[in-house]
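Right, one structure below, let's go through it.
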Amino acid sequence: MKITMVSKIRADGHACPKCEEVKQKLNQLGLMSRIDSVVIADERDDQSPGMRLAALHGVTVAPFFLVEDGDSVRVYTVFMRFLREVLQARPAGDRLNDTQEIQRAHPELDFV
């Protein structure tokens, strides 16, 4: 499996704030090492590698992740979904999902 993160440079030359926030979160969670490459989508250059990947996959938001597994490529535009489904990670305090998982695993339980 190969994971590519596509991060954006805005037309004004500044990094996309959301992209920087996601990178910081990956670093905080110790998961940045699981990202094989970070490709830049530079809005000032529609032929930049990231802009070409965005066009190829029909993506209009950043950051996004490409997960290549054999011949298939999955595109993730929602960071939290990518965390759960690909990196099997959940940020601290995600208790609603914990409760839902317990309920699914043990339908005989009744939560008050």
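Quick notes on this one:
- Residue ranking by accessible heavy-atom surface, 1.4 Å probe, largest first, among 60, 4, 77 comes out as 60, 77, 4.
- Residues 81, 52, 34, sorted by accessible area with the largest first, give 52, 81, 34 [1.4 Å probe; ligands and nucleic acids excluded].
- Taking all protein chains together and rolling a 1.4 Å probe, residue 33 ends up with roughly 110 Å² accessible.
- With all protein chains modelled, accessible area of residue 1 [1.4 Å, Å²]: 120 Å²
- Principal axes of segment 18-75: Cα extent on each, largest first, Å: 31, 31, 15
- The largest accessible area among 71, 42, 36 belongs to the first residue in 71, 36, 42, and the rest follow in falling order (1.4 Å probe, all chains).
The values are calculated or read from the model by the stated rules, or taken from the named source; none is laboratory data. It should be emphasised that the depicted structure is a prediction, and the values quoted were computed from it without experimental measurement. Remember, those area values only see protein heavy atoms, side chains included, never the ligands or the DNA or RNA. Shrake-Rupley method; radii C 1.70, N 1.55, O 1.52, S 1.80 Å.
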